[in-house]
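**Q** Below you will find the structure I want to go over with you.
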Amino acid sequence: MQPERGEEGAGNGSTPVKPDYVFRRSDGFSLVLDAKYKNVLPSSSAERDETIELAPARGHRVRVRRSDIYQAVAYGRHSGLRTDRVVLLYPVALGTGEGYPAPLRVQGFSPVCYVAFFDVGSRADMHRHDLYRALDQL
């Protein structure tokens with residue numbers, strides 16, 4: 001899988017669309033990725049109707065802003081990037097012995113929206129291939 005930076009953006013009328021990344025999976029399928037550099041753990045600062053709460057099988061509950069989901073879905077529907085899967089990427093800092101978190105599916109959106117995580121901690125380089133494998137399975 002090779003990342004391609006969304007530098008140029010695809011034009012739709014006069015408004016360019018610039019997702020953070022478009023990944024080509026090993027099977028040739030494209031995933032539109034929108035990287036978020038903010039916390040996704042629950043906080044009281046966001047209104048409940050502005051967020052969607054996801055509950056992974058293990059670990060902390062994750063709260064994602066609806067506006068972030070809508071933005072990623074819009075990228076996936078754009079004529080120049082059309083895909084049936086989009087991914088929001090959020091930072092995590094994994095400690096020694098912590099497993100790489102599995103992606104979560106957000107219900108009720110088309111294209112299908114996933115939340116995936118990228119390690120920004122001291123062991124991040126060791127987990128880069130875990131991210132690629134997770135994306136390749138979506």
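**Q** Just checking: which of the strands (runs of 3 or more DSSP E) contained wholly in the range 74-138 hold 3 or more residues that are in contact with a Leu (Cβ under 8 Å, 6 or more places away or on another chain)? Steps first, answer last, please.
**A** On the way: elements: 85-92, 104-106, 112-119.
Qualifying strands (runs of 3 or more DSSP E): 85-92, 112-119.
**Q** Could you list, in sequence order, all residues of the range 86-127 that are modelled with pLDDT under 90 and among the basic types (Lys, Arg)?
**A** Across the range 86-127, the qualifying residue is only 123.
**Q** Next question. One residue is enough: does the range 83-97 have a residue meeting the conditions out of contact with any helix residue (DSSP H, G or I) (no Cβ under 9 Å at 6 or more places or on another chain) and open to solvent by 70 Å² or more (accessible area, probe 1.4 Å)?
**A** yes
The values are calculated or read from the model by the stated rules, or taken from the named source; none is laboratory data. All figures in this text were calculated on a predicted structure; none of them were measured in a lab. Using ideal geometry, Cβ is built from the backbone for each residue, glycine included, and neighbour counts are taken over all protein chains shown. To get the accessible areas, we keep the full protein, side chains included, count just its heavy atoms, and leave off ligands, DNA and RNA. Shrake-Rupley method; radii C 1.70, N 1.55, O 1.52, S 1.80 Å.
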